[in-house]
Structure formats: C-alpha cells, structure tokens
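Novice: Can you keep this structure in mind? I'll have questions shortly.
The values are calculated or read from the model by the stated rules, or taken from the named source; none is laboratory data. The model shown is predicted, which means the values in this text are computed figures rather than measured ones. Cβ placement follows ideal geometry from the backbone for every residue including glycine, while neighbour counts extend to all protein chains displayed.
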C-alpha cells in the first residue's frame, strides 16, 4: 500500500533512476538524472527528491556508492505505472486497428478471390493480427523464504506472474543482481532472438541461481509463444482439380480440399512466418518441405505483409509443383507492396 501518491516530479525522477539503472547496471547519482532534458531540475533539487524517495522506500543506497538503485517497491511502482501507460496506448491502438481492419478484412477476402482468378491456383489470406512479443520488463521479488515471484511484461501488453520455488532464501543484493542480469540481457528481445548463446551466458552469470533463470525463460516461452486464433480466408480451392497430379484419386483430392475447409493446418503453416520477424519476404515450400502432410504434392508460396504498428498477416498461394513460380511471386510482391505500411500511412493522415 502506498503512503501517498507520488507527485509528478518524484515519479519522473524515479522512472529516470530505474531506466538509467536498467541500461547501465550502475548506481545512479543526481548529476546523471539532471541531464534528462524533460526534468529541468538542479542537482540540489534532485538530491532532495531522491532523499525523499529513499525515505519512502522506492530507492536504496548501496553502502559502497553515492548513487542509488531501485528497491523492489520502486520496481513495483515502475511496472504498475508502465502498465497503465501501456494499457492506454494499446487501447487507443486497438480501437484504431479495429476501425481499419473491419474494412481491411473485406479487402483481404477480395484479395484471395482476385489472386485465385489471376493465378488459377488456390489462395489463402490471413486477417491482420497484432504481433508485438518482445520483452519489456522482468521483475523478481521475494514472496517468502522458499518462493519468489517473477513478473514478466511484454510489449504486446501481456503480463505473466509465476511463482518460482527456491531451495534457500534469496537476499536483496542477489535479487537485484538477478533482476539486472535478466533485464540487461533480455529486454527488447523477441522469443526467437533468445538463442542458446544468450541462455548459456545468462545461466553462467547466474551461477548457483541458474535454475531461476531457466524457470524465467520457461515462463517467457509460455507468455510469448501463445498462439492467437488466426482467421484464414481461402479461395480457388476447386482450381486444384485442374491439375491431375493433385486430383488423380478421390482420397487425395478430398484430403486437400478438407485442409482448406478446416483451415487449422493452414493457420499453423502461416504462424511460423508471422512470428519470425525476419521472414518478411517470400517463402517457398516445395513438396515435402511443407509442414502439412496433405500438401506433399503441392508447392506453397507465402508472403508476410505488415500493415504497420506490428500488425501482420500472410498471403499464400497453393498449386502443383510445376506452378508458374515467376507469375506467383510477381503477384505476391505486388500485393505485399500495396499492403505494407497502410496502417502507418493512415495514422499519418489522421
């Protein structure tokens, strides 16, 4: 429970201390904070405010330094207010996206039809969805002698709380070091960017507390790897009957058409492209390269479009392995070029 609501000046100073500490890992002094241009306060004023923040328990002074570092209470205040700001931003963004994607989805349904007519193949287009799954902030704090609480905040405005069991109590200094270790290594990273080298370095630096790092990474995977329901529009499935190698048996044709009607497998095919930030170009799956068993006699060509603001979707064309690849890629490139950045351009006009 807060003693009282911090005023705007104290809040700005506390936020500046925490942001600076997360960036540098070094105790923060008043002269460093005075360089923040939006504060316009003297070092003396900042020192007085920092003394108040310390008395209130939001920051503390390591015994070997003149600077201050955040306490658990300070981190908690920062995270709670960060979430308020992010909730406001995301609510505004969602409303903007809803207004535009209602029209956009009608456009995408038409895109699937036109693409099928132009290529004589089957097409699929996923509705745009919000993909911002980078780590924003991680906070560990003690619950009791045998448990700590991990709070993970991502840029997609997801929050995950996880209770982690520990074999012995974690003292405050070790907790601060673990918080800094996790934040300095993971902040700003997407799940796919947290590679084995990063994990190995984290565990090595955590030493005897590497199990805690493992639990946090598992929680990150649960939080950021959650699949969204992806809407998939399809068109031109009957075009596949035009190619004997795809319809030379009733069973083969039936399974292929079912894949398009059920759409779940199509969604799993495009999810990989949507989550991988680097796969923004054209991807080609030939025969057995396709993760979908019923498409082993097909080629699948996909392109990820990005409307802007992290709102992404996928366009795909499915045909025989002897498809006209040049024509297919030209169609996809043209569509991708016309869709990329629409949301950003619309926001500029508002």
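Novice: Hey, among 288, 239, which residue is part of a helix (DSSP H, G or I), over 24 Å from residue 118 (Cβ atoms), modelled with pLDDT of 80 or more and not assigned by TED's automatic domain parsing to the domain that holds residue 191?
Specialist: So the residue among 288, 239 that is part of a helix (DSSP H, G or I), over 24 Å from residue 118 (Cβ atoms), modelled with pLDDT of 80 or more and not assigned by TED's automatic domain parsing to the domain that holds residue 191 is 288.
Novice: Is there a residue in the range 258-279 that is part of a loop (DSSP other than H, G, I, E, B) and modelled with pLDDT of 80 or more?
Specialist: no
Novice: Go through (1) at pLDDT below 85; (2) over 25 Å from the mean Cα position of the chain (by Cα); (3) more than 20 Å from residue 261 (Cβ to Cβ) one by one and return the number of the condition residue 324 breaks.
Specialist: Going through the list (1) at pLDDT below 85; (2) over 25 Å from the mean Cα position of the chain (by Cα); (3) more than 20 Å from residue 261 (Cβ to Cβ), residue 324 breaks only (1).
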